[in-house]
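Scroll down for the structure; my scribbles are underneath it.
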Amino acid sequence: MADSFNFELVSPERLLLSAMVTEVVIPATEGEMTVMANHAPTMTTVKPGVVTVKTADGKSERFAVFGGFADILPTGCTLLAESAVHVDELDRTVLENRIDAVRAELEGAGDEKKTRLEQFIAELTKLGEIVIPA
Amino acid sequence: MPSLKDLKNRIASVKATQKITKAMKMVAAAKLRRAQEAAEAARPYSQRMADVLANIAQAVGADDSVPQLMTGTGKDDTHLLIVCTAERGLCGGFNSQIARFARDHVRKLLAAGKTVKIICVGKKGFDILRREFASLIIDRVDLREVKKIGFENADRIGHKVIELFEKGEFDVCTLFYSEFKSVISQVPTAQQLIPASAGADSAETAEASAIYEYEPDAGAILTDLIPRNISMQIFRALLENVAGEMGAKMSAMDNATRNAGEMIDKLTLNYNRQRQAQITKELIEIISGAEAL
């Protein structure tokens with residue numbers, strides 16, 4: 001049995017999860033990474049995607065996060081998400097509303113911002129495909 | 001001297017008012033509890049955010065990669081004030097307290113020859129500040145339609161502020177809101193957003209911080225983090241404001257209910273006394289009429 005560590009998933013509105021876990025998969029900006037106990041201290045930004053958590057009692061839970069960053073220490077890991085929901089609570093309309101909102105922002109945005117927003121939309125779309133089977 | 005009928009009408013109307021204030025007080029109490037819960041729920045996030053920020057700021061040090069949002073432009077000629085107040089009145093001195101505090105600040109800045117720009121969040125503050133500084137108000141954010149303040153609302157304001165900063169519209173940004181101390185005490189507070197004041201917090205965590213690996217590099221994370229932090233601070237301010245507003249409204253309505261009660265007592269006494277006087281008068285008339293026969 002692998003060592004467990006304390007994982008916290010926090011969004012500005014509330015603390016979603018605080019539990020002992022053995023493994024967390026984080027969609028970091030530079031590729032997915034799996035965090036296990038005694039990970040080297042790392043700080044990374046997170047892109048929209050799915051966080052998979054394997055708790056100490058063997059259960060596995062999935063959360064959809066919309067950007068944020070993670071603070072990883074050997075003894076624990078904190079994921080500060082801009083916004084996060086449990087995968088079960090996420091449905092297609094919510095996601096589509098979000099995408100539409102970003103699209104609206106896209107109109108009249110500057111070049112640099114445009115590419116960033118387009119990337120954001122692509123990530124959201126991909127997230128939707130993973131989470132909700134069409 | 002008002003007639004008996006007038007008195008009766010007045011008692012009825014004060015009673016109706018009392019019912020309204022009592023209901024408003026109870027609504028405010030329920031909302032206050034919810035607002036407090038929301039403020040509580042937001043605390044872990046802002047705490048972690050502050051820790052992480054202090055950590056990174058220290059790691060990056062005086063490097064060139066520190067974004068301007070953190071260090072500021074190096075000038076302090078133009079000030080942007082974000083004044084957060086409530087959308088509704090009937091909450092005692094809550095709104096005017098914040099507005100007065102902001103007004104004093106604006107006067108001080110103007111006297112020092114600075115340029116001042118104001119963004120009003122909430123209708124009441126706008127109404128008050130408009131009287132004196134109409135030309136300085138560059139924008140107002142209306143949260144009237146919003147039932148429950150979410151992070152998106154704060155984020156939108158945050159983006160607006162950052163956009164203005166990138167255009168070089170201001171040098172220093174200060175946030176005005178009311179800190180929720182307790183139900184009966186809310187303290188108007190000014191907090192500097194840009195340049196971010198790391199202040200005492202960073203010194204405390206200085207020893208505890210580990211050597212981090214950064215992905216991507218520290219500068220990039222910081223660039224990503226600071227806008228988030230600004231939004232977060234605004235979010236926190238808005239939540240505190242809601243809690244404060246409800247607290248103030250609760251005590252204001254409690255006072256109003258009590259005053260109405262006193263008034264009803266006084267009017268009822270008056271009413272009874274007059275009724276008695278009238279009965280006595282009628283009796284005298286009957287008796288003297290009988291004697292005359």
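Farthest towards the positive end of the charge dipole of the protein assembly as shown, among the residues A:Leu9, B:Phe126, A:Val85, is the Cα of B:Phe126, using unit charges on the Cβ of Lys, Arg, Asp and Glu.
Please work out whether segment B:20-168 counts as rounded, prolate or oblate from its C-alpha gyration tensor, where a ≥ b ≥ c are the square roots of the eigenvalues and a/c under 1.5 means rounded, while otherwise a/b larger than b/c means prolate and anything else oblate? Judged from the Cα gyration tensor, segment B:20-168 comes out oblate (a/c at least 1.5, b/c at or above a/b).
For segment A:5-87, the square roots a ≥ b ≥ c of the C-alpha gyration tensor eigenvalues yield an a/c under 1.5, which makes the shape rounded.
Evaluate the charge dipole of the protein assembly as shown about its Cα centre and quote only its size in Debye, nearest 20, assuming +1 on the Cβ of each Lys and Arg and -1 on the Cβ of each Asp and Glu. With only Lys, Arg, Asp and Glu charged at Cβ, the dipole is about 3140 debye. Neighbours of A:Gly49 by Cβ distance under 11 Å: Lys/Arg scored +1, Asp/Glu scored -1, total +1.
Restricting the trypsin sites (Lys or Arg not before Pro) of segment A:23-79 to loop positions (DSSP other than H, G, I, E, B) with no more than 10 neighbouring Cβ atoms within 10 Å leaves A:Lys59. Between B:Leu239, B:Leu90, B:Leu267, the GNM of chain B built on Cα springs shorter than 10 angstrom shows B:Leu267 fluctuating the most. Helix B:123-133 versus the longest principal axis of chain B: what is the Cα-based angle in degrees, 0 to 90, to the nearest 10? Here the helix axis deviates by roughly 80 degrees. Tilt of helix B:151-166 relative to the longest C-alpha principal axis of chain B, in degrees (0 to 90, nearest 10)? With rounding to tens, the tilt is 50 degrees.
Here segment A:27-134 is treated with +1 on each Lys and Arg Cβ and -1 on each Asp and Glu Cβ, and its dipole about the Cα centre works out to around 180 debye.
Computed over segment B:24-252, relative contact order equals 36 percent, with contacts defined as Cα pairs under 8 Å that lie 6+ residues apart. Taking Cα atoms only, the orientation of helix B:94-111 departs from the longest principal axis of chain B by about 50 degrees.
Using Cβ point charges alone (K and R +1, D and E -1), the dipole size of chain B about the Cα centre works out to roughly 2220 debye. Over the residues of chain B, the helix contribution to mean residue ellipticity at 222 nm works out to -23000 deg cm²/dmol, using -39500 (n - 2.57) for each DSSP H run of at least 4. If the elastic network links every pair of Cα atoms under 10 Å, which of B:Ala190, B:Ala38, B:Ala59 fluctuates the most in the Gaussian network model of chain B? With Cα springs under 10 Å in chain B, the top fluctuation among B:Ala190, B:Ala38, B:Ala59 is at B:Ala59. Computed over neighbours whose Cβ is under 12 Å from that of B:Phe151, the net charge equals +1, Lys and Arg +1, Asp and Glu -1.
Bridges between two residues of the protein assembly as shown, per DSSP, are antiparallel at a rate of about 65%. For the listed residue pairs B:Lys15/B:Lys249; B:Lys124/B:Lys181; B:Lys75/B:Lys108; B:Lys117/B:Lys147; B:Lys31/B:Lys123; B:Lys108/B:Lys249, the alpha carbons are over 23 angstrom apart in B:Lys117/B:Lys147; B:Lys108/B:Lys249. Within straight-line reach of A:Lys114, meaning a Cα separation under 26 Å, sit the following lysines at least 8 residues removed in sequence or on another chain: A:Lys47, A:Lys126, B:Lys160, B:Lys167.
Taking Lys and Arg as +1 and Asp and Glu as -1, the other residues whose beta-carbon sits under 12 Å from that of A:Glu30 total -3.
Values in this text are rule-based calculations from the coordinates and carry no lab data. It should be emphasised that the depicted structure is a prediction, and the values quoted were computed from it without experimental measurement. Cβ coordinates were reconstructed from backbone atoms using ideal geometry, including for glycine residues, and neighbour counts include every protein chain displayed.
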